[in-house]
Every structure is written in structure tokens, then in C-alpha cells.
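The values are calculated or read from the model by the stated rules, or taken from the named source; none is laboratory data. Please read these numbers as outputs of a predicted model, since none were measured by experiment. Here the Cβ positions follow ideal geometry from the backbone for every residue, glycine too, while neighbour counts run over all protein chains shown.
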Amino acid sequence: MSPEPRIDTSVPHSARIWNFLLGGKDNYPVDRQAGEKVFQTFPGMVEMARQSRRMLTRVVRYLAGEAGIRQFLDIGTGLPTMDNTHEVAQRAAPDARVVYVDNDPLVLVHAKALLTSSPEGATDYIEADIRDPDTILARAAGTLDLERPVALMLMGILGLVDDHDQARSIVDRLMAALPPGSYLAVYDGTDTDPDYVEAIRAYNAGSGGISYTPRSPEQIARYLDGLEIVEPGVVPVTRWRPEPGAQGEPPEVACVGGVARKPPRP
């Protein structure tokens, strides 16, 4: 039996901070302190976290329903919460197969207990870093058939890669390994709100953890270059196919995302 993973509680981790912002309890004082500092500078951070999570739910519902996708590779999944990718996907398609990837040992601890599957489908968890796409692909192939379409979920994770060219290279490597008919879904924080940018700057300077880089909407859209963009395009997460019947205009948040399909080979 493998030993329990070692959890470093001396520095904050993005997965645990996100859990705190979403109202979860799977975090430590150092994560709550980092989250509170961000919140003090940018009170909209909690709303942004919640709206981003809601976009993820709508994206998975679209992919498993309208788009007919049955395989999901969710990198940077974070700690389990309500409406995890496999739960949303398997409500629409009980035979959906989902592989989660994260590099926080605490996520692994909870994944073992919480990331269950419908009898018809499957879930798996890989402890790996997004900067190592070849390892992710090799291990994901144990659960997913990479000859059939896969939805690659990169939700709020690419900002943890400091260099934009490196982030684009990672996306390109992952998508190159997936067949036509696969989808890419992304969102990330943007540099469009000065208060948000300042909050992240202060977090990066004082946290001791992995830094986060807000990017322009145009930079985030570049991740989808060469793919067929699904309507309504790369937009604020609140405006990506909002729930029917929602009252009023969706709130503005400094986070944009989109979904795109890998086209057939020429």
C-alpha cells in the first residue's frame, strides 16, 4: 500500500485557496489568509470564483449533452465540490469517462474518497503537473481511449504557467494528441480589472506559493487558435451560455473563457 501523500501546509496552494473562496472546508489557515488578502483588495473574487464554477457546469452539460462527448480530461480540477465534472457529465451520459489531474496531494486524498462513478462510466485521478503533458497523456490513456474524441478541460489552470508561450505550447501538445472531434474548454482570469490585477500582484509577492498571471482576453483566446469556436466565442464566464430565464444582465467578472472543437484533418 502506497504511503499517504505529504501535504505542505506552510505555503498556500491554488486548489485550496479556490476551495476557500467557494465556501469549502478543505483548506488550511495559510490558504485562508491568502484568500482573505485577495478578497480585501478585490471583494469581487468570491463572485468570480462562483461564476467560473457555474461556467464549468454549463460547459460540461453542453459537451456531454449537445456535443455528445463521452470522455473528459480535466486538468487542474481542484478539490471536489458540488457538481464535479463527472457528476455533471454522467447525469447527461451515464457512460461518460472522466480523468482528473492535479498536483496538490490534498486533492489526491479527497479524490480517492469522493470521485466516484456511475456503474456505466469511469473516473480516475492522476497526480501530475500541467507542465508535464506527456506524462498526463500517457497515464490518462489507462482510462480514456485517445483515439476517440475527448474534452480537454483547462479551467483556471493556465494562469499558473508564468510564460504565455509555454502555456500555449502545453495546450498545443495536449490537443495534438487528441483526435478530431475533441474539444478544448478554457477559462482564466484577465488583466481587465485593475483591482483584480493588484490583488493578484499582492498575492504573488507575499504568498510564497505558485504565482498566477492574469492575461488579456486576446491572449486567452489564442489558446483556441486553429479550432472551431463554439458560440458565443471567448467571452466573460458569466456570458457563456447563461441559464435560460436568468434575470437581467449577467454580472461582469474579470474572467473569460470559451469552448472550441478540433476540426477534421484536411
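Structure notes:
- Residues within the stretch 82-97 that are touching a helix residue (DSSP H, G or I) at 6+ places or on another chain (Cβ under 7 Å), over 28 Å from PHE20 (Cα atoms) and surrounded by fewer than 24 Cβ atoms within 10 Å (Cβ to Cβ), tallied: 2
- Flag for VAL237 being surrounded by 21 or more Cβ atoms within 10 Å (Cβ to Cβ), closer than 19 Å to LEU63 by Cβ and touching a Gly at 6+ places or on another chain (Cβ under 6 Å): yes
- Checked against (1) closer than 22 Å to VAL109 by Cα; (2) in a loop (DSSP other than H, G, I, E, B); (3) within 19 Å of the chain's Cα centre (by Cα), ILE7 passes all but a single condition, namely (3).
- The residue of the stretch 198-219 that is nearest to ILE17 (Cα to Cα), among those that are free of Cβ contacts under 8 Å to residues at least 40 places away in the same chain and in a helix (DSSP H, G or I), is ASN204.
- The residue pairs whose first member lies in the stretch 141-155 and is of a type in the set (Gly, Ala, Ser), whose second member is surrounded by 13 or more Cβ atoms within 10 Å (Cβ to Cβ), and whose beta carbons are closer than 6 Å, counting only pairs six or more residues apart or on different chains, are ALA151/LEU63; ALA151/ILE69; ALA151/PHE72; ALA151/TYR183.
- The number of residues in the stretch 27-59 that are surrounded by fewer than 19 Cβ atoms within 10 Å (Cβ to Cβ) and either assigned to a helix (DSSP H, G or I) or at pLDDT below 75 (or both) comes to 14.
- Number of the condition not met by PRO94 [criteria: (1) assigned to a helix (DSSP H, G or I); (2) in contact with a Gly (Cβ under 7 Å, 6 or more places away or on another chain)]: (1)
- Residue match in the stretch 73-89 (condition: of a type outside the set (S, T, N, Q) and free of Cβ contacts under 8 Å to residues at least 24 places away in the same chain): yes
- Residue within the stretch 125-136 that is part of a strand (DSSP E or B), more than 25 Å from VAL161 (Cβ to Cβ) and not acidic (Asp, Glu) present: no
- Conditions (1) crowded, with 16+ Cβ neighbours inside 10 Å; (2) at negative phi: number failed by GLU66: (1)
- Residues satisfying the stated conditions in the stretch 220-266, i.e. in a loop (DSSP other than H, G, I, E, B), within 17 Å of ALA167 (Cα to Cα) and either at pLDDT below 95 or not aliphatic (A, V, I, L, M) (or both): TYR223, ASP225, GLY226
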